[in-house]
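Structure first, then comments.
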Ligand SMILES: NC(=O)c1ccc[n+]([C@@H]2O[C@H](COP(=O)([O-])OP(=O)(O)OC[C@H]3O[C@@H](n4cnc5c(N)ncnc54)[C@H](OP(=O)(O)O)[C@@H]3O)[C@@H](O)[C@H]2O)c1
């Protein structure tokens, strides 16, 4: 219970990696704001699961990339915090567009990727920083596509921007003892990766990973929880690849 008495906000906490992170931070003792875009039922389900496990959580709705998104998130957060500050911010929510290869990407599609994956974390962070005490924690969720090439060029570019965001912010917030780090997942089984349900695809991925399988949301949640914990007090401005050893080299000789 290293986060007893602390508060946290997980953007995109309603599903996937964000949900697992919200559950883990709550299990560590934090009161967690579970943010969602439109899937209120999923957020409610997450909040109920946390409560059933003996933790505390509240839902916050705000669809990034729409007018007033940051204001909506801030208002819901402040209502849920009920006078408390915000100790931990996890910028996790993101969208991918599988049509955004160089052949298919449009200015509109790119604007949406930027709005949700880059602009929202930037301005959510700016907005909530006054609520964060010295010694706070910011954890950004990026992606391994920043170092391996995939066709979805727009999505990859947004995640590269997030890595730069982490380093700059870590430097700026250092004097306040606020750490800023990035967790960079590999291939993880969530709604974003429906194609992993195909056993052939899963086997292909397993063959690229030293630990021999694709990731589960809890694998990432535990790493996010480390950066949010007191144990990570001396680590800032870093990107940690959490991917089971993706593409370390051929698994078979
Ligand atoms: N899965 C992977 O293999 C993988 C690999 C590398 C990096 N990542 C990164 O890990 C993070 C989590 O991914 P995931 O796979 O867990 O995603 P996911 O299962 O698709 O869940 C996405 C979450 O983001 C929220 N969201 C979607 N669109 C939004 C919008 N416009 N405004 C605000 N919130 C929005 C969703 O809310 P609703 O429930 O309301 O829709 C949901 O909570 C992302 O940053 C992703 O880029 C994932």
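State which residue pairs qualify: first residue closer than 17 Å to residue 129 by Cβ and inside region 78-106, second residue within 16 Å of the ligand (Cβ to nearest atom) and modelled with pLDDT under 95 in any location, beta carbons under 7 Å apart, and separation of 6 or more residues or different chains.
Filtered contacts from region 78-106: no entries.
Being over 25 Å from residue 20 (Cα atoms) and either in a helix (DSSP H, G or I) or within 11 Å of the ligand (Cβ to nearest atom) (or both) is the filter here, so list the residues in region 170-192 that pass it.
171, 172, 173, 174, 175, 176
Of the residues in region 141-161, how many are assigned to a loop (DSSP other than H, G, I, E, B), within 12 Å of the ligand (Cβ to nearest atom) and touching a residue at least 12 places away in the same chain (Cβ under 8 Å)?
Step one: of region 141-161, the residues assigned to a loop (DSSP other than H, G, I, E, B) are 142-143, 147-152.
Add one more test, that the residue is within 12 Å of the ligand (Cβ to nearest atom), and what stays is 142-143, 147-148, 150, 152.
Right, trim to touching a residue at least 12 places away in the same chain (Cβ under 8 Å) and you get 142-143, 147-148, 152.
The total comes to 5.
Taking region 1-44, which residues are within 15 Å of the ligand (Cβ to nearest atom), surrounded by 20 or more Cβ atoms within 10 Å (Cβ to Cβ) and part of a loop (DSSP other than H, G, I, E, B)?
Residues satisfying the conditions are 11, 12, 13, 14, 15, 37.
Restricted to region 62-97, and to residues that are in a loop (DSSP other than H, G, I, E, B) and out of contact with any helix residue (DSSP H, G or I) (no Cβ under 7 Å at 6 or more places or on another chain), which residue is surrounded by the fewest Cβ atoms within 10 Å (Cβ to Cβ)?
Taking region 62-97 first, the residues in a loop (DSSP other than H, G, I, E, B) are 62-68, 82-87, 92-97.
Next, from what is left, pick out any that are out of contact with any helix residue (DSSP H, G or I) (no Cβ under 7 Å at 6 or more places or on another chain): 66-68, 82-84, 87.
On the way: 66: 12, 67: 7, 68: 11, 82: 9, 83: 5, 84: 13, 87: 22.
Filtering region 62-97 for residues that are in a loop (DSSP other than H, G, I, E, B) and out of contact with any helix residue (DSSP H, G or I) (no Cβ under 7 Å at 6 or more places or on another chain), the one surrounded by the fewest Cβ atoms within 10 Å (Cβ to Cβ) comes out as 83.
Counting only residues that are in contact with a strand residue (DSSP E or B) (Cβ under 6 Å, 6 or more places away or on another chain) and more than 21 Å from residue 92 (Cβ to Cβ), how many does region 209-244 have?
Number satisfying all stated conditions: 1.
Please tell me if residue 57 is at pLDDT 95 or above, within 14 Å of the ligand (Cβ to nearest atom) and not in a helix (DSSP H, G or I).
yes
Just one of (1) in contact (Cβ under 8 Å) with a residue 40 or more places away in the chain; (2) under 20 Å from residue 227 (Cβ atoms) trips up residue 164, so point out which.
That leaves (1) as the condition not met.
Here are 237, 212, 244: which of them is assigned to a loop (DSSP other than H, G, I, E, B) and closer than 20 Å to residue 150 by Cβ? Break it down into steps so the answer makes sense when it comes.
Details: 237 fails: closer than 20 Å to residue 150 by Cβ; 212 fails: closer than 20 Å to residue 150 by Cβ.
One residue alone meets the criteria, 244.
The values are calculated or read from the model by the stated rules, or taken from the named source; none is laboratory data. Nothing here was measured: the structure is a model prediction, and the numbers come from that model. Ideal geometry is used to build each Cβ from the backbone, glycine not excepted, and the neighbour counts take in all protein chains shown.
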